[in-house]
Amino acid sequence: MDARQVLAGVLTITMFVMLGDMIKRDHFDSLPVDSIHAQSLLTNGAGPWKQDAQSLTSCWSKPLLGEVDESQGYVTFSLTNGPEYHLSQIADAVVIARYLRATLLLPDIRGSEQRKFEDVYDVEQFVKKLDGVVKVAKSLPSTVVTGPLVKVPSRVTEEYITDNIEPIFRSKGNIRLATYFPSVNMKKMKENTNIDSIACLGMFATLELQPEVNGVVESMVERLKTLSRKSNGQFIAVDLRVDMLEKKGCQVNSASKSKSCYGPQEIAMFLRKIGFNKDATIYLTQSRWDSSLDALKDLFPRTYTKESIMPMDKKARFLDLENSEVEKVIDFYVCSESDVFVPAISGLFYANVAGKRIASGKTQILVPAHISGSSASSTDYISHYVSKKNHFAYSCFC
């Protein structure tokens, strides 16, 4: 085992330890938000559906490197813990590499096992989108040693780079980044800066799925639309994973005003009370069926998991324990393309799916809550990211 392999092992362990303390427990808003989108609701036999708005246009500028801006060293990093983290990790790495005028090394992907970037994402598109903004290298020259590990808070600021990152980079020549998440912060900035334009580019323009993974997502979306004939081909995606509910200690029928997650029965009652009937098609991010989901299927028989709608010839490759990170990627993009998105679990997955949906005009994001009466308007539960236009995406798109 050479020195690089030893270093890779140490870095992997270090990042997993850091993940344990990444995110403070966050909660959904305890009160419903404004009903500003009521005029665009469609009511049909399966429930209140909202027409998609037009896709937004990117309003960031692409700051190009000048001919004199030669690379001063290398910035390396890994993508960890799922696609909702990948977007933020990419954005921070691009911002830092640009600020330091460094070459960005194409990251690997680390989770239950180590993967190459191209196993999930499109390398050529990534390099193309960053052309002229940040220099990207697909491999590290044999003469270059990976720099020291530098912890970086998500949504890194120019001041933080100047005070905490640049001195190390100038001293060592190269650095390795590890993004941590002191809180879930996807709020819109009060004033846009040059660094925000670069963050927008990194977060919303660089990551595209490689063809095979994208094909799986598209086939699953088409299958769900086919299963949704009684609701005009429209379907609901719910981020509901039994293991996460257990970790967060969710209790069914809890009357708490501030909750971080909702169980299957609570989601079923929420959807029923805001007007969806039994013919609504629901996709769950849970990979395989669990008996705890029966309460949801009792009210909504057309409820599916990946296990039941993924193409048969792809299950062996994409639906097993060793592919949990790829499964998360598939969930992330299905939730981004559904007609309605309901986050049963608060956190970064919800926040970053919301960002992609806002950019594409799919703004029917319904945040669950306990409804005391027999019915309520779905527009009262539109995500604050949409109703208040306070998501970072609104800093990036016009």
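Relative contact order (percent) for region 205-317, with alpha-carbon contacts under 8 angstrom and 6 or more residues of separation? Before the final figure, lay out each step's value.
Working: 135 pairs, mean separation 33.1, N = 113.
Worked out over region 205-317, it gives 29 percent.
Between Ser142 and Gln54, how high is the FRET efficiency from 1/(1 + (r/R0)^6) when r is the Cβ-Cβ distance and R₀ = 45 Å? Nearest 0.05. Don't skip to the end; give the middle numbers.
Values: r = 50 Å, r/R0 = 1.10.
Step by step, r from the Cβ atoms, then E = 0.35.
Dividing the alpha-carbon radius of gyration of region 346-388 by 2.2 N^0.38 Å (N being the number of residues), what value is obtained?
Numbers: Rg = 11.5 Å, N = 43, 2.2 N^0.38 = 9.2 Å.
Compactness ratio reported: 1.25.
What is the gain in length, in nm to one decimal, between Glu246 and Lys116 on full extension, counting 0.36 nm per residue of separation less the C-alpha to C-alpha distance?
Working: separation 130, 0.36 × 130 = 46.80 nm, distance 3.09 nm.
43.7 nm is the gain from fully extending Glu246 to Lys116.
Through the Karplus equation 6.51 cos²θ - 1.76 cosθ + 1.60, θ set to phi - 60°, convert the phi angles of region 145-152 into ³J(HN,Hα) values in whole Hz; use x for Gly and Pro.
Working through the residues one at a time gives 9, 4, x, x, 6, 10, 7, 10 Hz.
Across 5 Å bins from 0, what is the distribution of all Cα-Cα pair distances for region 52-161, in whole percents?
With a bin width of 5 Å, the distribution comes to 2, 10, 19, 23, 22, 14, 6, 3, 1, 0, 0.
Rounded to a whole number of µm²/s, how large is the Stokes-Einstein D of region 299-365 at 37 °C and 0.692 mPa s, given Rh as the Kirkwood radius over C-alpha pairs? Provide the component values of the computation, followed by the final result.
Numbers: Rh = 13.2 Å.
After rounding, the answer is 248 µm²/s.
Hey, any idea what % of region 307-396's accessible area is carbon plus sulfur with a 1.4 Å probe?
On the way: 1350 of 2660 Å².
The value for region 307-396 is 51 percent carbon and sulfur by accessible area.
Percent relative contact order of region 300-389, based on C-alpha pairs within less than 8 angstrom and at least six residues apart? Walk me through the intermediate numbers first.
Working: 60 pairs, mean separation 18.4, N = 90.
It rounds to 20 percent for region 300-389.
Which value, in Å², gives the accessible area per residue of region 67-148 when a 1.4 Å probe is used on the protein heavy atoms?
Details: 3250 Å² over 82 residues.
Solvent-accessible surface per residue comes out at 40 Å².
The values are calculated or read from the model by the stated rules, or taken from the named source; none is laboratory data. It should be emphasised that the depicted structure is a prediction, and the values quoted were computed from it without experimental measurement. Note: ideal-geometry Cβ built from the backbone for every residue, glycine included; neighbour counts use all protein chains shown. Ligands, DNA and RNA are stripped out before the accessible areas are found, and what is left, the full protein with its side chains, is counted by its heavy atoms. Shrake-Rupley method; radii C 1.70, N 1.55, O 1.52, S 1.80 Å.
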